[in-house]
Structures are given as structure tokens and as C-alpha cells.
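See structure below.
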Amino acid sequence: MGYVSGLKCRECGREYPVDPIYVCEFCFGPLEVVYDYKKIKKVLTRKSIEKRPKSLWRYKELLPIDGEPQVGLNSGFTPLIKADNLAKVLGVRELYVKDDTVAHPTLSFKDRVVAVALTKAKEFGFDTVACASTGNLAHSVSAHGAKAGFKRFVFIPATLEQSKITASLVYEPNLVAVDGNYDEVNRLCSEIANKYKWAFVNINIRPFYAEGSKTHGFEIIEQLGWKAPDNVVVPCASGSLLTKVWKSFKEFKEIGILKELETKVFAAQATGCSPISVAIKQGSDIIRPVRPNTLAKSLAIGNPADGFYAAQVVKETGGYGEDVSDDEIIEGMKLLAKTEGIFAETAGGVTVATAKKLIEQGKIGRNETTVVCITGNGLKTQEALAGRTAEMHHIKPNMDAFEEILKKIGR
Amino acid sequence: MAVKVRIPTPLQRLTQGKEEVEGKQGTVIELINDLEAKYPGIAERISEGGKVRRFVNIYVNEEDIRFLQAEQTPVKDGDEVSIVPAIAGGEHQQRRDL
């Protein structure tokens, strides 16, 4: 009853049945889900989507499940905010923020991918789910997994911010802090995944998990009134989100929901971890691994799994890649908060600051429509702003003290 | 003395279970083609049309050949060549100081 015809190697095209596998046995390329678009076209239309509940599952035919959704029934369908105040500061006509800071239940876009991954894990019959994470994924696997009744193993780099650790522990998963960076945690998890029959959402479930990111893109199109933007700016860690946002646009075109598609896709990274934007700027097909050094920890993947494909999408669509310093990231976070009232995590600062840079460079046109993808909530990484926010006013409990302050503020 | 070539687990079926085999000096691509003579089927797993596959990393003395002379990187007797599947883009990256 599903719409998935199988898995296919992105490199050599070899086909595989739908199984918890992720790498081509022959050439080691990544596997991707293949759909029967002709069949989907008959059932998925603007009208049929609009009648459904406001969650990411309203696009379920384009997600890799066989039965009905089982996890994250309230996830997705986050607001697309028309960001007029920010547009004014940046000097562009039309700007939108796709706001996954309010994703349900753990306030990042990972709630989308995990909803899909855990539904698939149920279909495969796993009783344990696991992940390697820089934080947001840990929260989402812990929370969605608790609600869905899975045993959970969550592996994080031990250097993660305390607030992100607490926000996992509250759901009582088996949380394992590993002495090493994300790439090292991932490597360990690949070994664990070979030995234990668990659903590692970003390893053996990856082809299915990654598809969940498309819903971020489907929603952008729907919320723009079934139109594609001129530009979309996407933060890159592994590069997967960027490739999937583009895939979602192309799929809507493929099944006739979108009439026209001329979107340019832009990659945003932190300069302290910018293997993808550097390759794009150099016009190179080679993603040179780096050792991450940035306060945008949720983007700190030095050896990005989908880096090559992300760079290809950028090239194919006529977009560009840029990266920004830690200071620019902080300024980006503050700018989004004080203009649009949205407190994004550091990755959001990366995206806003990169968009600003691309506009100043003329890479993003001032008269065009641009969407910036904001993927996680700032309340999770407050440490990043310590000592870098505006100061509060501290007074004695009397009117004189207060009016003294008012004079200083200049009102 | 020959070139030492380290074979990853998924390809050891083609080398009769050997983790390390000997290769001939020349360039990396010549080395791969020479391995094919001894271990039929191995070359197409590693390369296609004279190019190393995107998700296979090859290191000569711990340095990624993409940052040397790629397929034309020279290898000589005594050198160590490692063949390492990237596994979905590098999550199995070889342990080395970046």
C-alpha cells in the first residue's frame, strides 16, 4: 500500500529492497529511497493536502512508510513568518523565516526526521532506537522514543553544553557521553550499529530518516501559497537538510503541485566548520574534512556525509555557499531576536548572518523572495550568549531608583 | 620489498581473507589495476573508468590521495596504501590528524 518502490545507490544506481541498510554493497555509495511518483500524483494534490491535519504527515505519500504514521503525529507544520522587520534591516523586499524553533516536541527540525525514522523503525520491528548526536537529535530521539515506547541509546560528544545534556536526560534514555567530537562519536556508533540490532536513526535508518527533512521544504511551498521562493538559505551540518529541501521542491514539481521551480539554494556554514561552503567557493568537487572549531555546535560536522551532494545542489540551482565567524553568528542570533522576536540557536545565527552576507554580496537579489531556514531553538544553547547580550538594569526597590534608570535609558 | 596495501573488511572476500596484500609500484591507478590481475573483481569495486569511486578513500602513507595527485599519485616500494570505504560520505573516516 506504500508508494516506495525500493532503495537505490546514489552513485552506481544498484537497487535494493526496503531494509534497514544505508550503504551500497558494491561501491559504498549512500542509498536513497525511490518512490513511484506516477502513483503519488494520483492521490496527492493541493486539495488533498489542505484537508489533512496540520502536521508533517500531511505529505505522507512522499515519506518512506508503508502503513499509517505512528510517531510524531503532532510534529511539523511550523510557522512560515513574513519577516518584514528583518527584511528592512537587511534591505530586501520579501523575506520569510521558516521557524522550526517551535517544532513539536523538542524545538528543532530533528523532530521531523525522527518522526519518520521511528515510524519506520516500528515497521521494521525494532525495539531499540539509537543515534549519534550533537544535541538536537538526542533530544528528539529521547522524546519521540519515550512516547513511542522504544528503548533508547543516545551517544553525544562529552563536550556538549550542559543544558543540551539535561534536555536529553529528562526523558531518561541511556545517554552515553563520548570523549571525542561528533565525527568520532559517529565512527564509534557505526561500529556499534554493526554489532547490535538497533535502529540507529542516522546510520542504518538514515535513508528513511533523511527523507523527513523534506517536510520542511514541502511546508515552505505550501505556506508561500503553493509557490517556490526565489532563494532559500539552508544551514549545513551533514548537508542532508539542504539536499532534502531541494528534493522536496523537485518532488512537488514532479507530481504537478508546483508549476514553476527556479529556486536558488544557498548553503550556510560557520567559518570554524565550513567544508561545504569552502568547496562551493573554490568550485571544487572535493569536500576537504576539517576539525570543527565553532560555537555553532549543532553544525559542527567536520566530515559531512552529504557534503558533496549539497555542493552539487547549490551548483545545479545557481546558488552559493558562505560562512560566518562566531561574532557574526552571535550578531545574527541577536538580529533575528530583536527584529522578529525569534530566539534561534546558534545555527539560526549562522543562517541569518550568512543571508545578510549573501545579500550584501549581491548573490541574493534585493527584489526577490527569500526564505531562511531556522532549524532550532535558542533556549537550548543559552551559554553561547553568555556575556554577549544587552545588559539588564539592576535597581533598589523604590521610584527614585527606577526614574534614575529611565533617565539613563533616555525616555 | 613491495607496496603494502591494506584491504578493508568488505573487500577481503576478494583477497582470500587477507587484510594486507602486496602491490606493484607505479601510480595509484596502476596499482589498482595490478591488484585486479591477482584478485579479480577488486578494481571495479574501488574504481570506475580510471577514477577512484567517490565513496572510497585511498591514503598513501596516511595522506588522502585527493590532496596529492589523485589517481596519478606515485607509490613506491615500502609505501603504505590504505583503501577505506567512506560509508555514506566519510563517517568511517580513517584515524588521522586533520
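Numbers at a glance
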read-out	value
Estimated 222 nm signal from helices in the protein assembly as shown, with DSSP H stretches of n ≥ 4 weighted -39500 (n - 2.57), rounded to 500	-10500 deg cm²/dmol
Cα Rg, Dmax, region B:3-88, angstrom units	11.4, 32
Normalised contact order of chain B, rounded percent, pairs of Cα under 8 Å and 6 or more residues apart	34 percent
Built amide H within the under 5 Å cut-off of A:V71, gap 5+	A:T119
Links that overshoot a 30 Å alpha carbon limit, given the list A:K151/A:K244; A:K315/B:K76; A:K247/A:K297; A:K110/A:K197; A:K47/A:K250; A:K8/A:K39	A:K315/B:K76
Shielding of A:235-242 by partner chains, average beta-carbon count, 10 Å	1
Paired Rg and Dmax values of region A:110-210, which use every Cα atom, in angstrom	12.0, 34
Computed over the protein assembly as shown, Cα set: Rg, Dmax in Å	24.0, 92
Net length gained if the chain between A:A386 and A:M399 were fully extended (0.36 nm per residue, minus Cα distance)	1.7 nm
Reachable aspartates and glutamates from A:K51, criterion Cα separation under 16 angstrom, eight or more residues apart if same chain	A:E61, A:E219, A:E222
Residues in region A:217-246 reached by a label modelled at A:E260 [backbone nitrogen below 15 Å; 7 Å Cα→Cβ]	A:225-231
Relative contact order for chain A, counting Cα pairs under 8 Å that sit 6 or more residues apart, in percent	16 percent
Per residue convex hull volume, Cα atoms of region A:1-126, in Å³	165 Å³
For region A:366-411 versus region A:289-314, the gap between their alpha-carbon centres in whole angstrom	31 Å
Shielding by partners - mean other protein chain Cβ count within 10 Å, residues of A:304-315	2
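Read-outs: derived from the displayed coordinates by stated rules, not from any lab. All of these numbers come straight from a predicted model, not from anything done at the bench. So basically every Cβ, Gly included, is an ideal-geometry build from the backbone, and we count neighbours across all protein chains shown.
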